[in-house]
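Handing you a structure now.
The values are calculated or read from the model by the stated rules, or taken from the named source; none is laboratory data. Since this is a predicted model, take the numbers as computed values, not measurements. Cβ atoms come from the backbone with ideal geometry, glycine included; neighbour counts cover every protein chain shown. Each accessible area value is taken on the protein alone, full model and side chains, heavy atoms only, with ligands, DNA and RNA left out. Shrake-Rupley method; radii C 1.70, N 1.55, O 1.52, S 1.80 Å.
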Amino acid sequence: MTKLISWNVNSLRIRLDGLRQIVERENPDVICLQEVKAKPEDFPFEAVRALGFEHIALYGMPGYNGVAIAARGPLSDVRRYDWAGKADARHISAVTADGIEVHNIYIPAGGDLPDPEKNPAFARKLAFIEELEQYFSRRAEEMRNCRLVACGDFNVAPSENDVWNHKQLLKIVSHTPAETLRLQKWYQNSGLIDAVRHFYPEPQKVFSWWSYRNPNWQSNNKGRRLDHIWVSPALAPQMREVSLLKAQRQAQRPSDHVPVCLILA
């Protein structure tokens, strides 16, 4: 069995205790981290290796963003990708010891104004998703026979059951039609399979993010599903379980995202 966890840590150095808790409780084989907020010389390599993850692929930068893949077994063919005209450490891939090509992706949030003409950050987010769609669509035929996982913080809640209130969030960045249609196009044209929705089909409400601004996040449950794990058709028959580790949102100094866990045979 292979257990993979994807988590936007919102600063790894702040979230190291949380990472230790997750490793002790879940014993994953591979961890994909987003928003590590550390350039290579500041990344806590020793602390992560002490948890049993000797092999770490990092695409980091000072202060913000940054993605990392940590594994118990060797990683090979490490690649770093830049999309939408900017090198800002948002996409890394590596092949695990058991031959799974893992893509760890952190799509830009896009700011607050859902208007690409008035908000360059939103325009770049749309372009970023479009370029991801083009990349994975070109590989669609190959992925029928390739064991591949694309995961991370996609910063888009694609369906009405991925948000607490569909109508209220239609004009809120992360759930606007401009974003959801582009993400759905990527999903459909690539042939990838949404592992979370495979185990939690619509119309179940599924969330992975609750705002820090909401102190009563548990009682009112105003969440969104921004964190995703998609798998290639060749890997889909090996899926055994998906879980969202909601307890981590209650930890001391939590991330506003919870880890998403996939178990493969």
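Mind checking the stretch 104-151 for trypsin sites (Lys or Arg not before Pro) that DSSP puts in a loop (not H, G, I, E or B) and that have at most 14 other Cβ atoms within 10 Å?
Details: sites: Lys118, Arg124, Lys125, Arg138, Arg139, Arg144, Arg147; in loops: Lys118, Arg139, Arg144, Arg147.
Counting only loop positions with at most 14 other Cβ atoms within 10 Å, the trypsin sites (Lys or Arg not before Pro) in the stretch 104-151 are Lys118, Arg144.
Using a 1.4 Å probe on the protein heavy atoms, what percent of the accessible area of the stretch 203-265 belongs to carbon and sulfur? It would help to have the intermediate numbers written out before the result.
Working: 1300 of 2800 Å².
Here it works out to 47 percent.
Along the charge dipole of the stretch 207-250, which of Trp217, Val242, Trp230 sits closest to the positive end, that is, farthest toward it, with unit charges on the beta carbon of Lys, Arg, Asp and Glu (+1, +1, -1, -1)?
Sorting the options by dipole projection puts first Trp217.
Given a Förster distance of 30 Å, report the FRET efficiency between Val78 and Gln218 from their Cβ-Cβ distance, rounded to the nearest 0.05. Don't jump to the answer; show the numbers that get you there.
On the way: r = 38 Å, r/R0 = 1.28.
After rounding to 0.05, the efficiency reads 0.20.
What share of all Cα pairs of the stretch 25-171, in percent, falls into each consecutive 10 Å distance bin?
So the P(r) values, bin by bin, are 11, 35, 34, 18, 3.
While we're on this one: Considering only DSSP states other than H, G, I, E and B, which chymotrypsin sites (Phe, Trp or Tyr not before Pro) in the stretch 158-217 qualify as loop sites with at most 11 other Cβ atoms within 10 Å? Mind showing how you got there, number by number?
Numbers: sites: Trp164, Trp186, Tyr187, Phe199, Phe207, Trp209, Trp210, Tyr212, Trp217; in loops: Trp164, Phe207, Tyr212.
Of the chymotrypsin sites (Phe, Trp or Tyr not before Pro), the ones in loops of the stretch 158-217 whose Cβ has at most 11 other Cβ atoms within 10 Å are Tyr212.
Same structure again: Taking a ≥ b ≥ c as the square roots of the eigenvalues of the Cα gyration tensor of the chain, is the shape rounded (a/c under 1.5), prolate (a/b larger than b/c) or oblate?
Rounded, since a/c falls under 1.5.
With every protein chain left in place, what is the accessible area per residue of the stretch 71-137 in square angstrom, probe 1.4 Å?
About 42 Å² of surface per residue is accessible.
Right, another one. To the nearest 20 debye, what charge dipole does the stretch 202-265 have about its Cα centre, counting +1 at the Cβ of each Lys and Arg and -1 at the Cβ of each Asp and Glu?
Details: 9 positive and 4 negative charges, 56 e Å.
Dipole of the stretch 202-265, to the nearest 20 debye: 260 debye.
Can you compute the helix-only [θ] at 222 nm over the chain? Use -39500 (n - 2.57) per DSSP H run of at least 4 residues, normalise by all residues, nearest 500 deg cm²/dmol. Mind showing how you got there, number by number?
Values: 8 runs with 67 residues, N = 265.
About -7000 deg cm²/dmol.
Percent relative contact order of the stretch 167-265, based on C-alpha pairs within less than 8 angstrom and at least six residues apart?
Numbers: 117 pairs, mean separation 25.6, N = 99.
Relative contact order here is 26 percent.
What is the Cα radius of gyration of the stretch 64-136 over 2.2 N^0.38 Å, N being its residue count? Spell out each step's value before the answer.
Values: Rg = 14.4 Å, N = 73, 2.2 N^0.38 = 11.2 Å.
That works out to 1.28 for the stretch 64-136.
How high is the relative contact order of the chain, in percent, counting Cα pairs under 8 Å that sit 6 or more residues apart? List each step's numbers first, then the result.
Details: 614 pairs, mean separation 50.4, N = 265.
Contact order relative to length: 19 percent.
Average projected area of the Cα convex hull of the stretch 112-153, in nm²?
Working: hull surface 14.6 nm².
For the stretch 112-153, the mean projected area of the Cα convex hull comes to 3.7 nm².
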